[in-house]
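Read the structure below first, then the notes.
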Amino acid sequence: MCGVAFDNSFEQPSVSYKVIYNDRSKEKDFRLAVNDDHYTLSYLSAEENVRISFVHTQADMFILSAWFMLVMLPFITVALISIIIGRKIRSEQKIIGTLSALGYKQGSLMLHYSLLAVIPGLFGGLSMTITALCLSDWFGSLGLADYEPMQPEFKLPVLIAAAGIVVPTVIYFIAALMKVIKLLKNDTVELLSGAVGTQSKTHRMFVNTKMKVKNKFAVRSVLGSPGRSFVVFLGIFLGTMIVAFGYIFIDSVKAVGSQAINEFGTFKYEYILDTTLTDTPDNADPVMIVPFENDSGTRFSLMGVDENCERWNLTDLNTGERADIENGWYISSLCAAMFDIDVGDEFTFRSIASLEEKTVKIDGIIRNGYQNYIVSTRENAAEITELDDSLYNCVLTDERRSFDGDIVREIITADTFNNQMETMLNEMNGLIYATIIIGALICIASLYVSVNMLVSENANNISMLKVLGYDRSKIDNMILNGNHLLLIPGLIIGILTAYGMMAWYSASFVETEGLIIPVAFSIPHIILTVGIVTLCYFVSLAMVRRKIEKIDMVESLKDHRE
């Protein structure tokens with residue numbers, strides 16, 4: 001049945017055994033057999049053993065973080081690059097028109113420009129695959145800070161590497177192909193003139209108003225070229241979302257400790273004992289805690305407290321008043337989320353020893369996103385556990401205590417969750433700040449490319465403004481500053497999206513980490529996020545201003561006349 005044998009006589013009153021099953025289907029029979037002859041104080045499966053499950057939990061936590069990096073970020077980036085490729089091909093319409101007039105077939109033109117779009121896909125895919133191979137050990141070690149003896153090998157699966165190269169490349173190919181097909185639908189004369197896509201209904205906007213010329217130009221530039229404006233907005237949005245998500249994660253994890261103190265209760269020390277006592281403790285609240293499990297083996301605690309217990313939080317989440325534990329059972333918000341239970345539902349669970357099923361009706365929810373329990377009076381708990389209602393194995397106090405013998409199994413204090421969250425942050429700091437840096441770089445790169453397109457497409461206008469005597473600052477205001485209209489919406493929507501992503505991430509933690517992380521975003525980090533993205537925005541503008549200075553107004557005017 002199992003790898004460990006046992007007899008019917010234990011020399012010590014309390015013995016711990018490790019059982020290794022050759023056939024897991026026999027687990028239930030083994031547990032029942034032990035409980036028939038002896039009282040099982042606790043049964044801890046491998047899935048519920050923190051020493052084992054914590055390794056898997058941390059892996060799940062990093063996998064959730066990786067999904068953000070593997071799906072959301074590449075998807076938006078590929079969409080951004082596809083738009084840029086399309087606009088670059090449109091700027092080649094004169095050459096396409098010339099080649100078409102010289103007799104080149106449409107199929108040849110489509111294949112040529114589509115293959116050109118494949119180059120960045122292949123080059124970027126290969127370079128990032130090499131980068132991933134070089135950084136895999138460093139990123140992987142971030143999740144193994146507590147397991148120094150472990151020396152796992154980090155490998156990049158061939159299929160995953162191939163997908164990372166092929167999928168973006170195919171998307172770029174399709175984007176270029178569709179753009180060339182759309183251009184070739186126009187008359188060759190229009191392509192030779194370069195007029196396809198350059199005129200919009202906004203070119204006469206505000207023509208009869210007294211609005212300043214620079215303001216008219218800014219609004220027309222943003223509204224008259226929605227594709228280019230979307231690229232600018234997407235760069236701001238993407239940078240904000242990534243940077244904000246990193247800081248929201250930090251603030252949310254740090255908020256766990258302070259919120260846990262309020263949700264636990266007013267006690268400063270919680271002593272979990274390895275045995276049961278009957279004497280009434282002075283200046284303390286006795287609690288009976290017995291582990292139970294649902295039908296899938298997920299454990300929770302059944303708690304019995306005195307009706308006059310003041311140190312444990314017994315505030316009903318819905319009414320805001322003290323829970324009536326004398327006449328009902330209440331469940332923590334974490335337990336309700338894990339088992340999908342609401343007020344009025346019946347909750348069926350079983351004893352970890354006898355596997356006997358019990359059912360109680362849930363009369364309310366107590367806000368506690370850090371402990372998995374149901375609670376009532378000690379008398380009600382005794383009916384479920386079949387123990388004497390005078391017994392207790394947990395003590396809540398406001399000061400440190402000592403107990404006779406080595407009976408204290410665990411001490412929970414106000415710093416317990418703070419220390420756990422600090423450990424989590426220390427392990428993830430590298431990944432978090434690497435994400436923030438990546439967000440800033442993507443913001444600069446995307447904004448630079450999009451604003452650079454703006455300058456290229458307005459070369460004739462810039463040349464004309466120089467001829468008319470406009471100085472550098474006025475030209476910058478008219479050409480570049482119109483994008484300021486997209487800065488604030490990009491910041492707001494990016495922050496809101498990051499907040500929503502953290503809410504999803506927190507909900508996913510209920511199963512993997514066994515706690516509900518509150519979503520928080522501190523004012524200093526909001527200011528820092530806005531400051532970083534704004535700085536990236538103006539850095540990209542400063543880089544593009546050099547191109548404005550290099551535009552030869554004479555050549556641009558000649559090109560326009562031709």
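Brief remarks on what is shown
- Identification of helices (runs of 4 or more DSSP H) wholly contained in the range 187-283 with 2 or more residues that are over 21 Å from Ile479 (Cα atoms) and at pLDDT below 80 yields 188-193, 226-264.
- Filter result for the condition that a residue is more than 17 Å from Ile76 (Cα to Cα) and under 16 Å from the mean Cα position of the chain (by Cα), over Val451, Val467, Val510, Val455: Val510
- Against the test of being assigned to a strand (DSSP E or B) and of a type in the set (Asp, Glu), the options Glu399, Glu379, Glu410, Glu422 yield a single qualifying residue, Glu410.
- For the range 78-109, a residue qualifies if it is in contact (Cβ under 8 Å) with a residue 24 or more places away in the chain and small (Gly, Ala, Ser), and the qualifying residues are Ala79, Ser82, Gly86, Ser91, Gly97, Ser100, Ala101.
- Candidate set from the range 526-562 (those that are modelled with pLDDT under 90 and of a type in the set (Gly, Ala, Ser)); member that is farthest from Asn452 (Cα to Cα): Ser556
- Among residues of the range 308-342, those that are in contact with a strand residue (DSSP E or B) (Cβ under 6 Å, 6 or more places away or on another chain) and either not hydroxyl-bearing (Ser, Thr, Tyr) or not in a strand (DSSP E or B) (or both), counted: 17
- In this entry, Ile475 passes the filter for residues that are part of a helix (DSSP H, G or I) and more than 34 Å from the chain's Cα centre (by Cα).
- Of all residues in the range 313-362 being among the small types (Gly, Ala, Ser), closer than 24 Å to Asn262 by Cβ and touching a Phe, Trp or Tyr at 6+ places or on another chain (Cβ under 8 Å), the one that is modelled with the lowest pLDDT: Ala323
- Which numbered condition Thr348 misses (of (1) in contact with a Ser or Thr (Cβ under 6 Å, 6 or more places away or on another chain); (2) surrounded by 15 or more Cβ atoms within 10 Å (Cβ to Cβ); (3) in a strand (DSSP E or B)): (2)
- Considering residues of the range 113-139 that are hydroxyl-bearing (Ser, Thr, Tyr) and over 27 Å from the mean Cα position of the chain (by Cα) only, the residue nearest to Ile171 (Cα to Cα): Ser114
- So Ser376, is it surrounded by 14 or more Cβ atoms within 10 Å (Cβ to Cβ), within 26 Å of Gln420 (Cα to Cα) and in contact (Cβ under 8 Å) with a residue 60 or more places away in the chain: no
- Out of Leu391, Leu454, Leu447, Leu387, one residue alone is in contact with a Leu (Cβ under 8 Å, 6 or more places away or on another chain) and under 16 Å from Val290 (Cβ atoms). It is Leu391.
The values are calculated or read from the model by the stated rules, or taken from the named source; none is laboratory data. As the structure is a prediction and not an experimental result, all values here were calculated from the model. Glycine gets a Cβ as well: all are built from the backbone with ideal geometry, and neighbour counts include every protein chain shown.
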